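Notes to accompany the following structure.
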Amino acid sequence: MSKQAYRWSMMAVGEPMAKSEFTPTPGAGEVVVEVAGCGVCHTDLGFYYSGVRFNHPAPLTLGHEISGRVVATGAGAGNWMGKAVLIPAVMPCGECDLCLSSHGTICRAQQMPGNDIHGGFASHIVVPAKTLCPVDEKRLAASGLTLADISVVADAVTTPYQAAVQAEVQPGDVAIVIGVGGVGGYAVQVANALGATVIAIDVDQVKLDNMAQHGAALTLNSREIAGKELKKAINAFVKEKGLKETCWKIFECSGSAPGQDTAFGLLTYGATLSVVGFTMDKIELRLSNLMAFHARALGNWGCLTELYPAALDLVLDGKVNLVPFIEKHPLDNINEVFASAHAHKLTRRAILVPGAQGGVQ
């Protein structure tokens, strides 16, 4: 590792990101990770373009979907030296009441790369060692994936995985995913891997056709079928297939007001609504529907670090497919990639790769 490593910094909202120099030095219990890849998330775009508040004083390096290799260690973390790792998008303290009650993702002392600390759109990042998820490189090689490829597991896969675990998705369940983009597409695959029959809803027919090949038993375009007709179509499908007509597991992943309105409108007896996507928009709803249906609504922020190995297993075992949903770009092209993502011109989740030259898709 060179003494000086470069970091990309957000100098101000709306301005290009530019290189700045720093010397990564791990403290006690910390490691330096050489970044293999960092995925571009909707949250990053919210920070950069939409004024969503972040916790670290600007300038801040964004990026929280990070994979890489440990290249330096602080006191007490020497056993991580040289290991391939995923860096959790939310790193809890592990000691507070929230952490000790299995609510570590909302730990008030958490460190989220690209929010609380400098993130992964960089060559290197300094993070606490205790929350890292080790990557079995033999299994990784056997899967045909690279270390950069699996960076998206750190959020886009683990977030819907925790949502599915929290919603108690079981074999035989009906799982409905609204919005099958970067996170929702993996929500479909995760629910399918856990044994549910999955119904995918989106406004983009291309995305729906893709999900029909990756775990969705039924796809519905909400531009063509909406409101009560959407629920009727789902009811007709579950009756035809002999599936559960109640206790549906509904995952709102679009991060949009129409998606949230659609998700709430699909509530039925004993249903679980998981809010996975984020939007600053507001909607009107009748909370009494939760009472009348004896349903529940759950939030979902990130993923508990202890769930990362099981989520990674789904990927390495081929039950969740990454390759059709990702594309790699050189980190040097960060401004162009952000602009394209913001303009909805990307059809796959972008992964920025430090040191890469030219196209690396």
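The values are calculated or read from the model by the stated rules, or taken from the named source; none is laboratory data. Bear in mind that the values here come from a model prediction, so they are computed numbers and not experimental data. Virtual Cβ from ideal backbone geometry, glycine too; neighbours counted across all protein chains shown.
Which one is nearest to SER256 (Cα to Cα) among residues in the range 40-55 that are among the hydroxyl-bearing types (Ser, Thr, Tyr) and in a helix (DSSP H, G or I)? First the steps, then the outcome.
Initially, the range 40-55 is screened for residues among the hydroxyl-bearing types (Ser, Thr, Tyr), giving 43, 48-50.
When the remaining residues are screened for being in a helix (DSSP H, G or I), the result is 43, 48-49.
Values: THR43: 13, TYR48: 18, TYR49: 16 Å.
Out of the qualifying residues, it is THR43.
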Long-range neighbours under 9 Å by Cβ, at least six apart or interchain, first residue part of a helix (DSSP H, G or I) within the range 180-194, second basic (Lys, Arg):
GLY184/LYS207; GLY185/LYS207; GLY185/ARG349; GLN189/LYS319; VAL190/LYS319; ALA191/LYS249; ASN192/LYS319; ALA193/LYS319
Taking the residues in the range 255-271 that are under 21 Å from the mean Cα position of the chain (by Cα) and among the small types (Gly, Ala, Ser) as candidates, determine which candidate is surrounded by the fewest Cβ atoms within 10 Å (Cβ to Cβ).
ALA257
Pairs returned, first residue in the range 239-264 that is free of Cβ contacts under 8 Å to residues at least 24 places away in the same chain, second residue that is in a helix (DSSP H, G or I) and not polar (S, T, N, Q), beta-carbon separation under 9 angstrom, 6 or more apart or interchain, are GLU245/VAL238; GLU245/LYS239
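Among the strands (runs of 3 or more DSSP E) contained in the range 65-168, which hold 2 or more residues that are surrounded by fewer than 21 Cβ atoms within 10 Å (Cβ to Cβ) and touching a residue at least 12 places away in the same chain (Cβ under 8 Å)? Outline the logic, then answer.
Values: elements: 65-73, 84-87, 124-128.
Per the criteria, 65-73.
If I filter the range 305-356 down to residues being part of a loop (DSSP other than H, G, I, E, B) and in contact with a strand residue (DSSP E or B) (Cβ under 6 Å, 6 or more places away or on another chain), which single residue comes out as modelled with the highest pLDDT?
Of all residues in the range 305-356, those part of a loop (DSSP other than H, G, I, E, B) come to 317-322, 343-348, 354-356.
Okay, now just the ones that are also in contact with a strand residue (DSSP E or B) (Cβ under 6 Å, 6 or more places away or on another chain), so 348, 354, 356.
Values: ARG348: 91, PRO354: 94, ALA356: 71.
Restricting to residues being part of a loop (DSSP other than H, G, I, E, B) and in contact with a strand residue (DSSP E or B) (Cβ under 6 Å, 6 or more places away or on another chain), the top hit is PRO354.
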Given the options ALA212, ALA216, name the one that is surrounded by 24 or more Cβ atoms within 10 Å (Cβ to Cβ) and either of a type in the set (Asp, Glu) or at pLDDT 95 or above (or both).
ALA216
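Among the residues of the range 135-155, what is the count of those that are closer than 17 Å to PRO309 by Cβ and in contact with a helix residue (DSSP H, G or I) (Cβ under 9 Å, 6 or more places away or on another chain)? Give the steps one after another, and end with the answer.
From the range 135-155, those closer than 17 Å to PRO309 by Cβ are 135-140, 142-143, 145, 147, 150-155; that's our starting set.
Checking the rest, the ones that are also in contact with a helix residue (DSSP H, G or I) (Cβ under 9 Å, 6 or more places away or on another chain) come to 135-136, 139-140, 142-143, 145, 147, 150, 152-155.
Count: 13.
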Go over the candidates VAL315, VAL323 one by one and state the one that is in the same structural domain as TYR49 (by TED's automatic domain parsing), among the β-branched types (Val, Ile, Thr) and under 20 Å from VAL177 (Cα atoms).
VAL315
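Specify which of the listed residues (ALA89, ALA84) is in the same structural domain as ALA311 (by TED's automatic domain parsing), within 14 Å of GLY302 (Cα to Cα), touching a helix residue (DSSP H, G or I) at 6+ places or on another chain (Cβ under 9 Å) and of a type in the set (A, V, I, L, M, F, W, C).
On the way: ALA84 fails: within 14 Å of GLY302 (Cα to Cα).
From the options ALA89, ALA84, the qualifying one is ALA89.
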Of (1) modelled with pLDDT of 85 or more; (2) part of a loop (DSSP other than H, G, I, E, B), LYS3 fails just (1)
Among the listed residues ILE283, ILE250, which satisfies the condition of being under 30 Å from GLY51 (Cα atoms) and modelled with pLDDT under 95?
ILE283
Can you tell me which residue is nearest to CYS93 (Cα to Cα) among those in the range 296-333 that are surrounded by 22 or more Cβ atoms within 10 Å (Cβ to Cβ) and more than 16 Å from the chain's Cα centre (by Cα)?
LEU331
Please find, within the range 169-189, the residue that is surrounded by the fewest Cβ atoms within 10 Å (Cβ to Cβ) out of those that are under 22 Å from ALA257 (Cα atoms) and of a type outside the set (Val, Ile, Thr).
GLY181
